[in-house]
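Scroll down for the structure; my scribbles are underneath it.
The values are calculated or read from the model by the stated rules, or taken from the named source; none is laboratory data. Bear in mind the structure is a predicted one, so any value in this text is a computation, not a measurement. All Cβ positions, glycine included, derive from the backbone under ideal geometry; neighbour counts span all protein chains shown. The accessibility values were calculated without ligands, DNA or RNA, using every heavy atom of the protein model including side chains. Shrake-Rupley method; radii C 1.70, N 1.55, O 1.52, S 1.80 Å.
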Amino acid sequence: MNIVELSDKYIGEVLRIYKTEKSEYFRAIGKEMPTDEEILHSLNGKDTGSISFAFVEKSVTYGMVTVNKSTAEIENLCIDYAIADKAARQRMLEFSIKQFSTITLVFIWTDTTEVTLSNLLEDYGFEYTGEQDYVNKERSISKYKYVFRRKK
């Protein structure tokens, strides 16, 4: 699997994966899916200093990640679970964590609709920090903060 910085070549597939993975979330909170331009702006990272990468192999895009080294956060991890097997998912997570090679704690937020991602994180060694924030109280949608503690 090749890991490349997000470019025009992969934008169409990354948008497809993002929309597929986030559609349940936006439906659950009762909001419209952001426009392509809004999604790309959030993945671009010019405002926040984050960088997005695509995971591709033989012109198939398996997923994408946005990392922000200044906050030690994986800001966005979207995986096409229909085609990414367990090994591919592990590789994506490993790459994401390696972006923080000098940082001992790496954080990521998930939400109530991302059970598969939460399970992947826990299987890899991420721990729930106990930090929780309501996204939509009326609809019982919360987000949860996980941490990966790099072994010294």
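Calculate the length of the line joining the C-alpha centroid of the range 105-152 to that of the range 67-98, in whole Å.
About 14 Å separates the Cα centre of the range 105-152 from the one of the range 67-98.
Hey, can you grab everything whose amide H is under 5 Å from the amide H of I141? Only 5+ residues off in sequence or another chain; H modelled, so Pro and N-termini drop out.
V135, N136
Looking at T110, A84, G125, which one has the Cα that reaches farthest to the positive end of the dipole of the range 81-127 (charges on Cβ: Lys, Arg +1; Asp, Glu -1)?
It is A84.
Per Stokes-Einstein, at 10 °C and 1.306 mPa s, what whole-number D in µm² s⁻¹ belongs to the range 32-147, with the Kirkwood radius over Cα pairs as the hydrodynamic radius? All intermediate terms of the calculation are to be shown ahead of the outcome.
Working: Rh = 15.1 Å.
Roughly 105 µm²/s, to the nearest whole number.
How high is the FRET efficiency between I103 and R27 when r is their beta carbon distance and R₀ equals 35 Å, given to the nearest 0.05?
0.55
Taking amide H positions as placed in the peptide plane 1.01 Å from N, state which residues far from T129 in sequence (5 or more) or on other chains have amide H under 5 Å from it.
Result for T129 returns K145, Y146, V147.
If packing is taken as the average number of other Cβ atoms within 10 Å across a peptide's residues, how do 104-114, 127-137, 38-48 rank, most packed first?
Details: 104-114: 18.6, 127-137: 11.9, 38-48: 14.3.
Those peptides, ordered most packed to least, come out 104-114, 38-48, 127-137.
Quick check for me: using +1 on Lys/Arg Cβ and -1 on Asp/Glu Cβ, what's the dipole size of the range 75-124 about its Cα centre, in debye to the nearest 20?
Numbers: 4 positive and 8 negative charges, 45 e Å.
For the range 75-124, the charge dipole is close to 220 debye.
Keeping all protein chains in position, work out how much accessible area M1 exposes to a 1.4 Å probe, and write it in Å² to the nearest 10.
For M1, the solvent-accessible surface is approximately 40 Å².
Cα to Cα, under 17 Å, and not fewer than 8 places away if on the same chain: which aspartates and glutamates meet these conditions relative to K145?
K145 reaches E73, E75, D111, E114, E122, D123, E127, E131, D133.
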